[in-house]
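Each reported figure results from applying straightforward, stated rules to the coordinates on display, with no laboratory input. Predicted model, so just to flag it, every value in this text is computed and none were measured. Methodologically, a virtual Cβ is constructed for each residue, glycine included, from the backbone with ideal geometry; neighbour enumeration extends over all protein chains shown.
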Amino acid sequence: MDIKKEKMKIDRICCIGAGFVGGPTMAVIALKCPNIRVTVVDINEKKIQAWNGQLNKLPVYEPGLADIIDKVRDVNLFFSTEINKAIEESQMIFLAVNTPTKKSGEGKGYAADLTYIENSAKQIAKAAKSDKIVIEKSTLPVRTAERVKEILELNKKHNISFDVISNPEFLAEGTAINDLFKSDRVLVGGEPNERGLKAVNHLVDIYKRWIPEDKILKTNVWSSELSKLVSNAMLAQRISSINSISALCEKTGADIQEVALAVGMDSRIGSSFLKSSIGFGGSCFKKDILNLTYISRLYGLNEVADYWEKIILINDYQTERFADKILDNFNNNIEGKIISILGWAFKKNTNDSRESASIYLSRKLLLNGAKINVYDPMVHKSRIIDDINNVLKDVNICDDEVNEIISKITIYDNPYEAVNKSNLVAICTEWDEFIELDWGEIFNIMKKPSWVFDGRNLIEKSKLEKLGFKTFFIGKS
Ligand code: NAD
Ligand code: UGA
């Protein structure tokens with residue numbers, strides 16, 4: 001492939017990383033571009049097997065995804081562990097690997113761990129035998145493209161060229177397919193020179209097949225990388241803002257839903273992301289804000305860093321506050337009490353539980369002696385146990401104690417079994433099916449008094465109280 005030629009043909013692309021981003025984004029590209037052969041590769045063999053397996057057991061649950069996979073898999077979408085082969089064959093390579101918060105070394109607890117990105121860049125450099133356009137799809141610290149380019153140049157085995165462009169992903173889990181079909185914007189950042197612009201245009205040509213051109217924004221690489229972090233930080237900021245006010249509502253008699261409605265009706269403010277909750281979860285908001293905080297401090301901007309870090313502190317406070325309300329309810333003695341957690345996913349319509357508030361709430365309740373029953377329609381049992389095991393590592397307790405605590409969790413396939421004989425139901429995820437539950441029946445099978453703590457303001461408070469429940473709702477007195 002020669003990037004200098006006016007009309008370069010892109011008919012083979014690959015994506016490194018078959019996760020929540022790589023799987024759905026490539027499925028949509030394959031669907032919209034039947035003439036492009038798309039290969040999604042991953043080092044995780046089990047994940048690739050699952051992508052190639054039964055449609056109801058794909059590694060990622062997203063409404064509409066299985067139907068697309070059914071249409072394009074083995075037609076022009078392929079899932080494989082043969083990473084070098086896919087790199088060699090492709091003209092364009094997306095990097096959609098994970099970028100978690102660093103657990104050790106410089107920037108520990110704040111900076112993004114770029115090991116997976118760097119390893120992928122090395123592998124591309126070593127396997128590539130022709131020019132490649134490398135696309136940052138993962139969320140990355142501003143100026144990562146510089147590092148990626150450096151790794152590619154230092155490790156390449158042939159006299160070839162690489163263009164690195166930034167194309168961050170803005171999909172939200174649970175609505176990924178719709179977000180990909182009708183993106184608010186597609187951001188493509190490239191180097192501000194002729195070569196960079198050509199690389200950008202090759203990617204734009206792909207998106208143009210279904211995204212209106214006025215929604216495709218071309219910027220420089222650094223603006224693109226930074227815009228992604230800032231978008232997530234500003235979305236999370238709105239949630240923390242409304243959550244902070246929910247605490248004030250509980251003290252004053254104001255109602256958070258009424259306040260959010262009134263505030264959001266101002267067209268300058270807008271109504272989205274003003275739903276008060278038990279605290280935001282998900283793999284990205286926290287890590288991206290920590291990353292933004294780290295970068296700000298790196299440039300000596302401590303006030304900026306402190307400002308953004310507060311969003312996480314308020315989020316932790318919100319989950320902690322919810323747990324404390326439950327403890328208060330039992331006069332700080334929940335030894336042996338049964339608490340049923342409805343919802344483990346960090347939001348509805350996903351099987352993802354990364355950083356879900358349910359995990360931190362359950363840890364606190366378990367450490368205080370409660371028994372926990374869990375029901376979630378999508379999150380796998382083993383995932384739930386792993387989640388608790390992982391957060392117990394942050395607490396200074398021995399293995400026997402961990403086992404003892406884990407023995408107090410029971411996971412159910414049925415919500416009625418999960419709430420049977422429990423003292424309190426905590427609604428943690430806003431799954432639609434929880435609204436439809438037979439709450440009269442739930443009242444009959446729970447211990448008395450029967451408490452519902454609604455961490456999502458999902459169910460009608462008056463309906464529950466009429467049935468005899470005692471209730472706590474976020475931001476309501
Ligand atoms: P994920 O953990 O679901 O998937 C990442 C995949 O990359 C894993 O399957 C892992 O095995 C694979 N991987 C890691 N190193 C590899 C290597 N060297 N070679 C091949 N495969 C490798 O992560 P995700 O949720 O898809 O997120 C990926 C990136 O996209 C992150 O930077 C994230 O911040 C960003 N992002 C995520 C979302 C989301 O909704 N999850 C949305 C927008 C952006
Ligand atoms: C978020 C962003 O919305 C995406 O644009 C971005 O691409 C993605 O992060 C990412 O970079 O990973 P996601 O985390 O999948 O998407 O889901 P959101 O809908 O943003 O919800 C995040 C959390 O905030 C969930 O726990 C949700 O329940 C909570 N939330 C959301 C609230 O508590 N209140 C709200 O009003 C909205």
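Observations on the structure shown:
- Cα shape, the stretch 158-307, gyration tensor, a/c 1.5 rule: prolate
- The HN-Hα couplings worked out from phi for the stretch 157-162 by the Karplus form 6.51 cos²θ - 1.76 cosθ + 1.60 (θ = phi - 60°) are 9, 9, 7, 10, 10, 10 Hz, whole numbers, x standing for Gly and Pro.
- Gained length - T410 relative to L313, 0.36 nm times residue gap less alpha-carbon distance: 31.9 nm
- Between E150 and F181, full extension at 0.36 nm per residue minus the direct alpha carbon distance yields a gain of 7.8 nm.
- Potential lengthening between K466 and I269 on full extension [0.36 nm per residue; Cα-Cα distance subtracted]: 67.4 nm
- Amide H to amide H, with H built 1.01 Å from N, V374 comes under 5 Å of I341, T410, I411, Y412, counting only residues 5 or more places away or on other chains.
- Paramagnetic reach from E88 (point 7 Å along Cα→Cβ, amide N under 20 Å) across the stretch 9-28: 11-17
- Magnitude of the charge dipole for the stretch 213-355, about its Cα centre and with charges confined to Cβ atoms of Lys, Arg (+1) and Asp, Glu (-1), is about 280 debye.
- Axial C-alpha extent at least 27 Å, average Kyte-Doolittle at least 0.0 - helices from the chain (DSSP): 221-252
- Packing-based ranking, highest mean first, of 213-223, 127-137 given that Cβ atoms within 10 Å are counted: 127-137, 213-223
- Global form of the stretch 72-180, assessed from the alpha-carbon gyration tensor, a/c cut-off 1.5: oblate
- Near the amide H of L187, within less than 5 Å, lie the amide hydrogens of L217, all on another chain or at least 5 residues away, with H placed in the peptide plane.
- Ellipsoid semi-axes in whole angstrom, largest first, where each is sqrt(5λ) of the Cα gyration tensor of the stretch 347-413: 20, 12, 10
- Interatomic Cα distance distribution for the chain, bins of 20 angstrom, percent: 22, 52, 23, 2
- Charge tally in the Cβ shell below 13 Å around V221, where Lys, Arg are +1 and Asp, Glu are -1, V221 excluded: +1
- Cα shape, the stretch 368-477, gyration tensor, a/c 1.5 rule: prolate
- Per-residue Cβ neighbour rank within 10 angstrom, fewest leading, H158, H202, H380: H158, H380, H202
- Residues in the stretch 368-375 carry Karplus couplings, in order, of 8, x, 6, 9, 10, 9, 10, 9 Hz; the curve used is 6.51 cos²θ - 1.76 cosθ + 1.60 with θ = phi - 60°, and Gly or Pro positions show x.
- Those residues of the stretch 175-206 whose amide nitrogen sits under 14 Å from the label point placed on N35, 7 Å along Cα→Cβ: 205-206
- Protection proxy ranking of 99-105, 174-180, by the mean of other Cβ atoms within 10 Å over each peptide's residues and highest first, is 174-180, 99-105.
- Relative protection proxy for 250-257, 358-365, 329-336, 19-26, from highest mean packing down: 19-26, 358-365, 250-257, 329-336 (other beta-carbon atoms within 10 angstrom).
- Close amide H pairs (under 5 Å, H built 1.01 Å from N) link F453 with V425, A426, I427, F472, residues at least 5 positions away or on another chain.
- Taking label positions 7 Å along the Cα-Cβ direction at both N403 and I160, the computed distance is 5.2 nm, reported to one decimal.
- Relative exposure of Y294, Y416, judged by other C-beta atoms within 10 Å (fewest first): Y416, Y294
- A Förster distance of 60 Å, applied to the separation of the beta-carbon atoms of K126 and K325, puts the FRET efficiency at 0.65.
- Structural size metrics of the stretch 231-361, computed from C-alpha coordinates, are Rg and Dmax of 16.3, 50 Å.
- In the structure shown, the pairs K103/K348; K108/K371; K126/K228; K228/K286; K102/K156 are assessed against 22 Å; a Cα-Cα span above that value is assigned to K103/K348; K108/K371; K126/K228; K102/K156.
- The stretch 243-296: mean projected area of Cα convex hull, nm²: 5.0
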